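The values are calculated or read from the model by the stated rules, or taken from the named source; none is laboratory data. Predicted model only: the values in this text are computed from it and were never measured. Note: ideal-geometry Cβ built from the backbone for every residue, glycine included; neighbour counts use all protein chains shown. Please note that ligands, DNA and RNA were not included when accessible areas were found on the heavy atoms of the full protein model with its side chains. Shrake-Rupley method; radii C 1.70, N 1.55, O 1.52, S 1.80 Å.
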Amino acid sequence: MSSMHPNRAKWEAIVWLLAFATIYGAAMFFNGHEVLDALFRAYEDYNLDEIFTALNIAGGLGLIYSVLRIKDMSREIQLRVTAEKNVDWIACHDPLTELPNRRLLEVALSNSEALSQKDGSAIFSIDLDGFKKVNDLLGHEHGDRVLKVVAERLCSVFPDDNVYRLGGDEFVVLVERKGNQNLSNLGKRMVGAISKPIAIDGATVEIGASIGFARIPEDGKIPAEVIQHSDCAMYAAKKTGRNIVKGFAPEMQEELIKKIQMEADLKLAMKQGKIRPYYQPLVDLKTQEVVGYEALARWEREPGKFVSPCEFIPLAENAGLIVELTDQLFRIACQDALSWPPHTVLSFNISPVQLSDQLLGLRLLKVLGEVGLPVHRLELEVTESALINDAETARHVLDDLVKSGIKIALDDFGTGYSSLSQLSNYQFNKIKIDRSFVASFEECDRQEKIVRAIIALGIGLGVKITAEGIEDASQLRRLQDLGCDIGQGYLLGKPRPIEETLAISERQIA
Ligand code: C2E
Ligand code: CA
Ligand code: CA
């Protein structure tokens with residue numbers, strides 16, 4: 001491609017035309033034609049007239065060629081300018097939703113006006129709740145459609161160019177605070193817009209949003225700081241629950257730093273294999289035999305100092321580490337289970353989040369196959385509340401597990417407010433009465449009635465009942481009298497590392 005600028009080419013053409021006109025004028029004035037004629041005649045032998053005609057034609061063709069080239073060139077330049085504009089656009093926009101991206105947000109925030117508005121402005125960080133589930137369950141195409149709808153809805157609330165997508169399911173809205181605008185209410189309007197049902201291919205998807213906001217200039221004067229603070233408020237909102245709006249407060253930052261540190265520590269601990277299962281015996285209350293062990297995750301963060309699974313399991317869920325952590329723990333637990341007597345069952349906890357993982361069954365079966373533990377020796381513990389949150393999906397995943405021969409225990413029974421009709425949709429092999437009932441059923445008549453009813457329900461359904469949290473002998477006796485099948489608790493054995501479980505498995509209770 002020629003590097004000549006079209007304007008220059010134009011100027012050159014004009015100069016050439018002027019030169020031509022001058023020569024033509026001079027030729028007319030001095031009767032050039034007659035002079036040339038005389039010259040051609042004088043040198044007839046050299047065919048000067050033919051040479052002159054040929055030169056004229058070549059000149060004419062050259063002129064046409066130049067005009068065409070100039071046209072080509074300007075077309076090429078136009079294309080180049082458009083391409084450069086496209087590249088600029090792509091660099092500053094999200095191609096899916098066509099919203100401006102972080103780069104433009106930073107530019108908008110660095111713009112001195114935005115940061116020093118008389119009435120100030122505010123930045124809202126929005127993170128969708130339940131988006132990952134849509135992506136995992138319905139596929140990325142549906143996920144993309146949801147993101148587009150969210151972008152459209154936010155733009156309909158804020159018609160200006162103030163909605164940004166920072167990637168994933170994170171959006172940002174930059175607003176001017178006109179007068180005493182109530183920012184929490186504004187956030188709630190965004191939640192309202194986002195959480196309306198979204199129809200995709202006949203299915204209705206409902207997502208929520210966790211929203212945090214930071215005020216400019218009160219909560220930050222530099223772009224990076226303001227964004228970080230509104231993100232921080234958003235994390236605090238997300239931690240509180242679904243569809244929550246929170247304004248930034250300095251103490252949130254400490255919590256976030258702690259959370260980020262803990263997340264990094266958790267990742268490292270997983271990498272170093274420092275999270276291991278401990279095993280708590282499940283004892284047959286009739287034969288007093290150990291019939292299985294529940295694997296309970298233990299993280300020894302510092303020697304002798306354990307982080308509770310109630311703390312790090314939700315952290316792993318939120319950080320997207322739960323699948324990997326479960327895989328790690330499950331593999332170890334299956335290997336350890338090989339060293340127990342062959343009738344002993346491995347009872348393994350499944351996080352509610354994983355009940356939306358359609359590959360869960362396959363993943364578990366793969367590990368069982370690789371380790372060589374027969375499928376009938378596995379039992380998965382699923383909490384009652386996990387089934388209530390997303391009953392439809394959970395049923396599909398559980399049905400698949402049951403079909404592949406895996407047993408299911410309904411954990412923490414009595415705490416999830418499930419209805420019996422809901423429970424009749426699932427096939428359980430076991431129900432575990434929550435330890436809060438066992439802890440108080442001796443003192444509280446009502447609790448005892450519930451325990452009695454659950455045991456009767458188990459008999460009716462042909463499902464075994466386990467009582468958790470048995471701490472003293474009188475609780476044990478009472479449960480045995482009521483006909484409870486299996487017991488678990490500190491009295492029967494605390495969760496212990498694998499080295500100590502073998503001794504317990506040979507122990508018989510009194
Ligand atoms: P959970 O499944 O209900 O597990 C029983 C909890 O009760 C365990 O707490 C166990 O140590 C405790 N426990 C057992 N016997 C007694 C007793 O006699 N008295 C009292 N007060 N407590 C008793 P832990 O190990 O702290 O686990 C807490 C929860 O963390 C578990 O509740 C389970 O929901 C979750 N969890 C533990 N390990 C895993 C895991 O590997 N994966 C998943 N997804 N969740 C896990
Ligand atoms: Ca459990
Ligand atoms: Ca439990």
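Observations on the model:
- The residue pairs whose first member lies in segment 175-192 and is among the polar types (S, T, N, Q), whose second member is surrounded by 18 or more Cβ atoms within 10 Å (Cβ to Cβ), and whose beta carbons are closer than 6 Å, counting only pairs six or more residues apart or on different chains, are Ser184/Val245.
Condition check ((1) modelled with pLDDT of 90 or more; (2) surrounded by 13 or more Cβ atoms within 10 Å (Cβ to Cβ); (3) not in a strand (DSSP E or B); (4) not assigned by TED's automatic domain parsing to the domain that holds Lys132) across all residues:
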residue	(1), (2), (3), (4)
Arg165	yes, yes, no, no
Lys196	yes, no, yes, no
His229	yes, yes, yes, no
Cys232	yes, yes, yes, no
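- For segment 11-117, the helices (runs of 4 or more DSSP H) that sit wholly inside it and include 3 or more residues that are surrounded by 12 or more Cβ atoms within 10 Å (Cβ to Cβ) and out of contact with any strand residue (DSSP E or B) (no Cβ under 7 Å at 6 or more places or on another chain) are 32-42, 48-92, 102-110.
- When the criteria are applied in full, Glu294 fails the requirement of being within 13 Å of ligand 1 (Cβ to nearest atom), surrounded by fewer than 20 Cβ atoms within 10 Å (Cβ to Cβ) and not assigned by TED's automatic domain parsing to the domain that holds Ser210.
- Within segment 234-278, being open to solvent by 70 Å² or more (accessible area, probe 1.4 Å) and part of a loop (DSSP other than H, G, I, E, B) holds for Arg242, Gln272, Lys274.
- Test: Arg103 is touching a Cys at 6+ places or on another chain (Cβ under 8 Å) and modelled with pLDDT of 85 or more: yes
- Residue check for Lys366: within 28 Å of the chain's Cα centre (by Cα), open to solvent by 10 Å² or more (accessible area, probe 1.4 Å) and farther than 25 Å from Thr466 by Cβ: yes
- Test for Phe428: is it in a loop (DSSP other than H, G, I, E, B), of a type outside the set (S, T, N, Q), within 15 Å of ligand 2 (Cβ to nearest atom) and assigned by TED's automatic domain parsing to the domain that holds Pro374: yes
The rows are residues; the columns are (1) in the same structural domain as Arg331 (by TED's automatic domain parsing); (2) at pLDDT 95 or above; (3) farther than 24 Å from Val283 by Cα; (4) not hydroxyl-bearing (Ser, Thr, Tyr).
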site	(1), (2), (3), (4)
Asn349	yes, yes, no, yes
Val353	yes, no, yes, yes
Asp357	yes, no, yes, yes
Arg363	yes, no, yes, yes
Gly372	yes, yes, yes, yes
Ser385	yes, no, yes, no
Val397	yes, no, yes, yes
Gly405	yes, no, no, yes
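- Selection within segment 321-363 - within 14 Å of ligand 1 (Cβ to nearest atom), open to solvent by 30 Å² or more (accessible area, probe 1.4 Å) and not in a helix (DSSP H, G or I): Asn349
- Condition check for Val172: β-branched (Val, Ile, Thr), in contact with a Ser or Thr (Cβ under 9 Å, 6 or more places away or on another chain) and under 19 Å from Arg102 (Cα atoms): yes
- Checking Gly458 against (1) among the small types (Gly, Ala, Ser); (2) crowded, with 18+ Cβ neighbours inside 10 Å; (3) within 15 Å of ligand 1 (Cβ to nearest atom), the condition it does not meet: (3)
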